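Notes to accompany the following structure.
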Ligand code: GDP
């Protein structure tokens, strides 16, 4: 079953961003390098009125470097777009952010026309960590309630360079089932919104096809030809002693191990999607979305026709 997750509050963020965007020159979107496509917010381009975009492929230390290079090339080939890779080990990221933003909006700068950039990203992508590095703070500043606008921050990265934090929370929008699984595996989705076993099986299925050597090195299980994700999960559980009293494998425990080791990168540096794969998933997802809309419109039309046919009650004589 695909993951359905509607955390809400997005309308508040939409409104706040469209207000704020009037005074913004460049929009920085933080993406998770392990799933750059799925961790993007597909509505952001519209919300930001197609302002120049700087894609920061963050947490690159966890991702497959060869695939990060593919994503950088993909974004750098788009109009009005630049991309850089980053991770929390970089102690002074401001210089590269400033340089990339200046390339995108060369006419801004100086005290009369200071550069104003907005930083956005779905939860867990590393935004607070980056902002804290930029401001030299240690503790993360968090809102009292998830999804409610935090006090807006303006950070001065240079005399003529202001960085604004997104007003509100930018949630991912799950258009394709695969994105839902990848977001869940990465830790971007609330724990109660998905089934660990299902997410681990999807993850193992992808790793079997794309990173078999890492699986073998970590779990020391034999990857026989045609081994299924279910068989692999069971073998991992058995290896790790996740066994129930009657000798059955505790698949829930095994799934938690796999997800944890993917997140911590003890499994290795892995990226769950290439630009090409993601484009295919997206196209398939959009098709399903469009079909659903046509069906909905059809039902709505039928309802209107039925309503028209209902005779009006005669008016009471006055
Ligand atoms: P936010 O929800 O976008 O503000 O994300 P946080 O800054 O709170 O980071 C979420 C988690 O990712 C935290 O456990 C961070 O320590 C971790 N994290 C942030 N940036 C990086 C990074 O570049 N590399 C790695 N490996 N972990 C990171």
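Some points to look at:
- Cβ-based exposure ranking for 129, 91, 266, in which fewest neighbours within 10 Å come first: 91, 266, 129
- Estimated at 0.36 nm per residue, the fully extended path between residue 18 and residue 284 surpasses their Cα-Cα distance by 92.9 nm.
- Between residue 223 and residue 205, the contour length at 0.36 nm per residue exceeds the alpha carbon distance by 5.3 nm.
- Most simply put, the chain has about 25% antiparallel DSSP beta bridges, counting only bridges with both residues inside it.
- Of all DSSP bridge pairs formed entirely within the range 12-165, close to 20 percent run antiparallel.
- Prolate/oblate/rounded call for the chain, Cα gyration tensor, a/c under 1.5 rounded: oblate
- Efficiency of FRET from Cβ geometry, residue 214 and residue 112, R₀ 41 Å, rounded to 0.05: 0.20
- Candidates 52, 36, 106, ranked by Gaussian network fluctuation over the chain, Cα under 10 Å, top entry: 106
- Global geometry of the range 12-165, whether rounded, prolate or oblate, following the gyration tensor of its Cα atoms and the 1.5 cut on a/c: rounded
- Counting beta carbons within 10 Å around each of 229, 165 and listing the fewest first gives the order 229, 165.
- Exposure proxy ranking, count of Cβ atoms within 10 Å, fewest first, for 10, 43: 43, 10
- Label-point separation, residue 231 to residue 315 (7 Å along Cα→Cβ), nm: 7.8 nm
- Label zone at residue 252 (point 7 Å along Cα-to-Cβ), backbone N below 17 Å, the range 186-200: 191-200
- Each label was represented as a point 7 Å from its Cα along the Cα-to-Cβ direction; for residue 240 and residue 153 these points are 3.3 nm apart.
- Rg and Dmax of the range 195-263, both derived from C-alpha coordinates alone, stand at 11.0, 34 Å.
- In range of the label at residue 96: residues from the range 73-88 whose backbone nitrogen is under 16 Å from the point 7 Å along Cα→Cβ: 73-76, 82-88
- FRET efficiency, 1/(1 + (r/R0)^6) with R0 22 Å, evaluated for residue 45 and residue 276 via beta carbons: 0.65
- Distance from the alpha carbon centroid of the range 267-285 to that of the range 167-238 works out to 13 angstrom.
Values in this text are rule-based calculations from the coordinates and carry no lab data. The structure displayed is predicted, hence computed values, not measured ones. Neighbour counts are summed over all protein chains in view; Cβ atoms, including those assigned to glycine, are modelled from backbone coordinates with ideal geometry.
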